[in-house]
Amino acid sequence: MQLSTALLAHLSMFFACAFWGLMAPLGKDAMSHGIDGMAMVSFRVAGAMSLFWTTSLFFKQERVPLKDFLLLGCAGVFGLVCNQCCFTIGLSLTSPVNASIVTTGMPIFAMILSAIILKEPLTGKKALGVLMGCSGALILILTSVAAANNRVGDIRGDLLCLTAQFSYALYLSLFNKLVKRYSVITVNRWMFLWATLLILPFSYTHILSIPWADVPIKSWFETGYVVVVCTFVCYLLIMFAQKILRPTVVSIYNYVQPLVSVIVSLLLGLASLQWTHALAVALVFSGVWLVVKSKSKNDIEKAKQS
């Protein structure tokens with residue numbers, strides 16, 4: 001592997017996760033000025049769908065049989081509809097800090113589901129990581145129960161964000177082979193099309209009820225950032241990086257998201273930092289680190305063969 005290629009892959013992962021870290025505070029700000037959660041989800045899936053379909057015109061078209069086309073619809077339900085609806089609506093209820101911290105728990109859900117569905121080994125290190133990560137999430141939720149305002153957190157929003165992570169982890173485990181069968185452009189253009197068709201019938205009234213004239217220009221720029229950068233550009237960056245870097249290395253960059261989100265949220269006055277947040281961060285980060293450092297099924301099989 002050439003150094004320049006590896007460096008580009010690392011930079012792609014860093015910027016993708018940094019962009020996602022900014023999504024929580026900027027999206028929260030937009031949804032505080034006339035754009036509700038369902039409208040934001042609609043803009044996100046429909047906008048990204050348009051961008052992916054436009055981009056696909058410049059790539060070789062892949063034939064997708066009816067069975068896989070329907071499976072991509074199912075993948076869109078878990079990977080986009082449930083994931084984005086739960087996270088975006090949850091973000092509108094809770095604080096950006098809580099939403100971002102909860103996001104780092106996704107590898108823990110993925111580990112549990114991989115053990116059940118993909119028969120990945122569940123080692124002691126992985127089990128300890130799950131315990132620490134879940135403890136951090138529990139502390140975060142219990143802190144939100146006592147919160148009086150959404151600058152600290154809201155248990156409804158926290159649970160929705162947790163559900164979003166579980167939904168995406170389920171998507172990774174159930175549709176792992178399907179996604180690898182086609183290019184990222186092909187997978188995303190069909191998944192986003194399905195997601196748009198499934199979400200718009202329930203969200204168009206939210207779009208129509210937006211007080212268009214009263215929404216600040218800044219909020220539209222923030223919405224555009226969520227759609228173009230966080231949903232379209234980040235998927236392209238991740239696609240490039242995943243072809244070069246090991247999954248463990250890719251997972252480590254998840255830590256960039258809450259770091260960026262916390263800093264920006266505090267600077268914008270969108271959140272107030274509590275000591276329990278620091279404890280939750282330490283537990284979740286330590287848990288995720290233990291999970292991603294554990295040996296996979298392939299690692300164990302290679303060790304036996306050597």
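The values are calculated or read from the model by the stated rules, or taken from the named source; none is laboratory data. As the structure is a computational prediction, the values presented were derived from the model and not from experiment. Backbone-built Cβ (ideal geometry, glycine too); neighbour counts: all protein chains shown. The area values use the complete protein model at the heavy-atom level, side chains included, leaving out ligands, DNA and RNA. Shrake-Rupley method; radii C 1.70, N 1.55, O 1.52, S 1.80 Å.
Figures for the structure shown
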item	result
In nm, spacing of pseudo-spin labels at Ser4 and Leu138 (7 Å Cα→C-beta vector)	5.2
Among Phe52, Met38, Gly27 - extreme Cα towards positive end, dipole of segment 1-111, charges at beta-carbon	Phe52
Cleavage-rule hits, trypsin sites (Lys or Arg not before Pro), segment 30-121, DSSP coil, Cβ neighbours within 10 Å at most 13	Lys60, Arg63, Lys119
Pair Lys293, Trp220: separation of 7 Å Cα→Cβ label points (nm)	4.9
Potential lengthening between Leu11 and Phe59 on full extension [0.36 nm per residue; Cα-Cα distance subtracted]	14.9 nm
Taking the C-alpha atoms of segment 1-113, convex hull volume expressed per residue in Å³	171
Accessible area per residue, Å², segment 78-122 with all protein chains present, probe 1.4 Å	29
Amide H contacts of Asp154 (H built 1.01 Å from N, under 5 Å, at least 5 apart or other chain)	Ser95
Magnitude of the charge dipole, segment 1-77, Cβ model with Lys/Arg +1 and Asp/Glu -1, debye to 20	180
Calculated FRET value between Trp275 and Thr205, using beta carbons and R₀ = 41 Å, to 0.05	0.45
Over 25 Å (Cα to Cα) - which of Lys126/Lys177; Lys177/Lys293; Lys67/Lys293; Lys60/Lys119; Lys28/Lys243 fall in this group	Lys67/Lys293; Lys60/Lys119; Lys28/Lys243
